[in-house]
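Undergrad: Below you will find the structure I want to go over with you.
The values are calculated or read from the model by the stated rules, or taken from the named source; none is laboratory data. Nothing here was measured: the structure is a model prediction, and the numbers come from that model. Because the Cβ atoms are built from the backbone with ideal geometry, glycine has one as well, and the counts that use them run over all protein chains shown. To get the accessible areas, we keep the full protein, side chains included, count just its heavy atoms, and leave off ligands, DNA and RNA. Shrake-Rupley method; radii C 1.70, N 1.55, O 1.52, S 1.80 Å.
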Amino acid sequence: MSKPVGATEMSSKQHRFDAMVGALTDDLFRYAYWLCRDKHLAEDLVQETLLRAWRFMDNLRDVKAVKSWLITTLRREHARLYERKRLQRVEMEMNDISDGAGDTSWAAAEISELHSRIHALTDDYREPLALQVILGYSVAEIAETMDLSKSAVMTRLFRARKQLLDAVEDLPEQRAGG
Amino acid sequence: MNCLDFRRAYLTDPYNLEAEQVTHVRECDACARYANKQTAADRRLEAALRIPVPKELGPNIIFERSMRGRRSLRVFAMAAGVMLTVAATFGIALYGVGSGQDFGEEFKGEFIAHMAHDPIHMQSASQLTGQQAGASLQQVALEMGIDVGANIDNVIAAKRCDLDGHQAAHFVVEEEGVRATAFLLPNESLEQSEWMDNESGQHGMLIPTKGGVIAVFCPERQMLVRVGEQLQNSVKWSSS
C-alpha cells in the first residue's frame, strides 16, 4: 500500500512544479491557441499537458528539456484529440480573444486584422511561426519539433511572414497623436 | 551576399542573423532601412501573436484538477459500498459488480499517451541503465503485490506509474533494438482480451487475468505476442 503524501511534501512538490513550468504556461497557452484556433480547446490542451508534467515531474530533471517536452506533449495531445474525436478542420469563427478592455484605438483594430490574417494562414505556416515568435525556437528546433527539414521550415517561415507583413503594410498607417 | 538573399534571410529568421547578414546590413543603406521597417512590422506581428491568457490558467488549477479526479473516485467507491450493503440487506443479487473498472475506449488511449510522454521512452538503453538503476522490475512489482516470476529478460527500465488514477507497474523490454512496453495493473478487470492495431506506431494487447490486467505494446507483432504470453503465464497477483 502506498504511503499517503503529507501536506509538507505536497507543498514542496507544488513549489518545484511551479518553478519548473510556471514561467512557460502563458506561452504554452498562446502556442496551443494558434495550433487549434479555439480558446477553450487551447485551455484543455494546456491543462492536459500540465497534468502530465505533474505526473512525470520526478523524471524531468533537465530544466532545459522541460520546455521542449511540454511542446512535444502538447502537440501530441492535439493530434490525439483529432484522432479520437475525429474533429473536422472546419472554418471556425474566431473566438473573442481580446482582453475585453473595449479598446477602440487604431492599434486594437490592427491587432484584430492581424489576428484574422494569422487565422487565415494554413496550419503548416502558422505553427512554425508560433514556435519561432512566441516560444523563441530556432529553425533547427522547429525542424526537430515538427519533424521537417530545415529548408522546409525556412520556406514556411518566409512565406508566412511575407503574407502577414505584406498585410501589415496594407493597413493604413496612423500614428498616435497624428 | 546580395540584397535579395539578405531580405529573404531576414524575413525567414530575423532573430538569428548570420555574420554575413550582419555585415551586409551594415554596408547597405537600403537593406538597413528594409530591416528597420520589417523589425517594426515584426513587433506588431509579435504583439498580435501574444494574445491575452485566461487568468484562471496555471499550475494551481492543474493541481486542483488532479486532486478532484481522485475525490470523484472515492465518492464512487463509497456509493458503491452503500449500494452493496442495501442490496445485501434485501437479498438482492447484483450481477457484474466487481472491484475494478472495465477499461473503456478512452483508457486504451491513455496507455499510448503515457508511453508518448514518459521521459523513459525518450532515452536510450544506456542512458536508462544508469538513471533507472535501483528500481528493478521485481522491486517495483513486489511493492504492488505482483509476482512477475524470474523469466522476464532484457528489462531496461521499470517504475511505478499512475495512469489517470490507475496504478501500474510500467516496464520496458528491449531486444535487438526493438522495445516492448508492458503495464501490469493489479485489481483491474477486463471482460475479454483486446487488440489494438497500429495506434501511433504501436500494436497492443490487453490481457484480462484473475486479479489484474496486463497491457503490452510493441511495434512488432511477434515480439508483442511473445512478451504478452510470457507475462500471462508468469504474473501472479497477490489478490488472486
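Undergrad: Identify, from the list A:115, A:119, the residue that is at pLDDT 90 or above and at the interface with chain B (Cβ under 8 Å from one of its Cβ atoms).
TA: Within the list A:115, A:119, the selection yields A:115.
Undergrad: All but one of (1) buried (at least 18 other Cβ atoms within 10 Å of the Cβ); (2) modelled with pLDDT of 90 or more hold for residue A:17, so report the exception by its number.
TA: (2)
Undergrad: Filter the stretch A:77-111 down to the residues that are open to solvent by less than 90 Å² (accessible area, probe 1.4 Å), over 18 Å from the mean Cα position of the chain (by Cα) and either at pLDDT 75 or above or within 15 Å of residue A:37 (Cβ to Cβ) (or both) and list them by number.
TA: Passing the criteria: A:87, A:90, A:108, A:109, A:110.
Undergrad: Just need a number here: residues in the stretch B:154-176 that are open to solvent by less than 60 Å² (accessible area, probe 1.4 Å) and over 14 Å from the mean Cα position of the chain (by Cα).
TA: 7
Undergrad: On to the next question. Take residue A:74 and tell me if it is more than 8 Å from every other protein chain (Cβ to nearest Cβ), out of contact with any Gly (no Cβ under 6 Å at 6 or more places or on another chain), surrounded by 17 or more Cβ atoms within 10 Å (Cβ to Cβ) and part of a helix (DSSP H, G or I).
TA: yes
Undergrad: A further question follows. Of the residues B:138, B:202, only one is among the polar types (S, T, N, Q), farther than 21 Å from residue A:56 by Cα and open to solvent by less than 60 Å² (accessible area, probe 1.4 Å); which?
TA: Among B:138, B:202, only B:202 is among the polar types (S, T, N, Q), farther than 21 Å from residue A:56 by Cα and open to solvent by less than 60 Å² (accessible area, probe 1.4 Å).
Undergrad: I'd like to verify a number: residues in the stretch A:112-138 that are among the β-branched types (Val, Ile, Thr), crowded, with 21+ Cβ neighbours inside 10 Å and free of Cβ contacts under 8 Å to residues at least 60 places away in the same chain, how many?
TA: Going through the stretch A:112-138 one residue at a time, the tally reaches 1.
Undergrad: Additional query: Counting just the residues of the stretch A:33-45 that are more than 10 Å from chain B (Cβ to nearest Cβ) and either hydrophobic (A, V, I, L, M, F, W, C) or free of Cβ contacts under 8 Å to residues at least 40 places away in the same chain (or both), which one comes out farthest from residue A:122 (Cα to Cα)?
TA: A:44
Undergrad: Continuing with the same structure: Which of the residues spanning the stretch B:2-39 are buried (at least 16 other Cβ atoms within 10 Å of the Cβ) and away from chain A (no Cβ under 14 Å)?
TA: Within the stretch B:2-39, B:24, B:25, B:28, B:31 meet the criteria.
Undergrad: Moving to a separate point now. Do the conditions hold for residue B:218, that is, is it away from every other protein chain (no Cβ under 14 Å), closer than 15 Å to residue B:115 by Cβ and not acidic (Asp, Glu)?
TA: yes
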